[in-house]
1. Packing-wise, with mean Cβ within 10 Å as the measure, how do 32-45, 168-181 rank, highest first?
2. Cut-off is 10 Å between beta-carbons; in what order do Trp54, Trp21, Trp80 appear when sorted fewest neighbours first?
3. Using θ = phi - 60° and the Karplus curve 6.51 cos²θ - 1.76 cosθ + 1.60, what whole-Hz ³J(HN,Hα) does each residue of the range 37-51 get, with Gly and Pro shown as x?
4. Put +1 on the Cβ of each Lys and Arg and -1 on the Cβ of each Asp and Glu in the range 163-249; which of Gly172, Gln226, Asn185 then has its Cα farthest toward the positive end of the dipole?
5. For each pair in Lys102/Lys222; Lys44/Lys239; Lys49/Lys71; Lys44/Lys122; Lys122/Lys222, compute the distance between the two Cα atoms and list the pairs where it is over 31 Å.
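Derivation of every value follows stated rules applied to the coordinates shown; laboratory data play no part. Predicted model only: the values in this text are computed from it and were never measured. FYI the Cβ positions are ideal-geometry reconstructions off the backbone, even for glycines, and counts take in every protein chain you see.
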Amino acid sequence: MKNLVLSATLALACSAHAQEWKGVGEFGLAITGGNTDTQNINGKFGLVKDTDAWKHEFALALLQSKTDDSKTAQRYEAAWTSGYKLNEISYVYGSLRYENDKFGAFRNQTVAGIGYGIYAIKEEPTTLLFEVGAGYRRAQPQDKVEGAVCIALVGVVCPPFVVTQFPKEGDGILRGKMDFSHQLNDNTSLYDTFLIEAGSDNKFMQNDLGVAVKMSDAFAVKVGFQLRHNSDVAPNLKKTDRLFTTNLVYSF
């Protein structure tokens with residue numbers, strides 16, 4: 001999956017200019033050493049093509065964390081949305097999102113949806129967009145690992161861990177999205193994006209709040225805070241994940 005995502009990213013990036021795509025990439029890295037060695041990597045990549053009749057958006061995101069050679073986070077996400085414009089402020093859309101999360105509530109999930117989008121505000125310096133629709137989610141829960149803690153001494157046989165694999169879940173969902181942005185001044189912008197995918201098996205919510213400060217026409221520094229919530233998780237997992245990032249952003 002990782003190689004496929006990277007290949008798709010490179011292919012789309014190479015053809016962005018020729019096909020009048022606009023893109024943005026961001027990357028953050030934090031490394032510590034000493035008594036505890038840690039490594040945290042996060043990145044995002046997005047492309048947008050806006051024509052008189054259509055608007056297409058493609059996005060990738062990755063998160064990896066490691067502490068003393070042990071991974072503590074590993075998530076990849078890809079999303080695509082295409083909207084057919086009804087007028088200047090409204091459109092109908094189709095969306096597809098795939099997520100692979102080794103340490104999340106679900107090992108992987110695919111969500112497809114259709115719906116209606118409308119701009120409540122579409123005048124500089126502020127935009128406020130709402131999307132509402134329905135769809136279908138197919139998800140693979142994390143495996144359940146059970147076993148007693150055992151110290152391997154001479155003559156002592158440790159019992160094996162028992163791994164339970166759960167079947168994939170599929171259910172219909174209601175999908176909603178809010179996308180807000182405001183230009184505070186010539187160099188600073190505020191953004192907030194909220195996504196909800198609510199079904200009978202699980203209710204997923206994600207909110208991304210942040211501030212971006214331009215250093216030049218192409219480069220900016222972005223500070224962001226992300227909240228992710230799943231209502232249905234395994235007993236040993238928390239329902240809410242938090243992520244704070246400071247990234248370098250490149251626009252093209």
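1. Descending mean neighbour count gives 168-181, 32-45.
2. Trp54, Trp80, Trp21
3. 9, 10, 9, 10, 10, 9, x, 9, 9, x, 10, 9, 10, 10, 10
4. So the residue we want is Gln226.
5. Going by Cα-Cα distance, Lys49/Lys71 fall outside the 31 Å limit.
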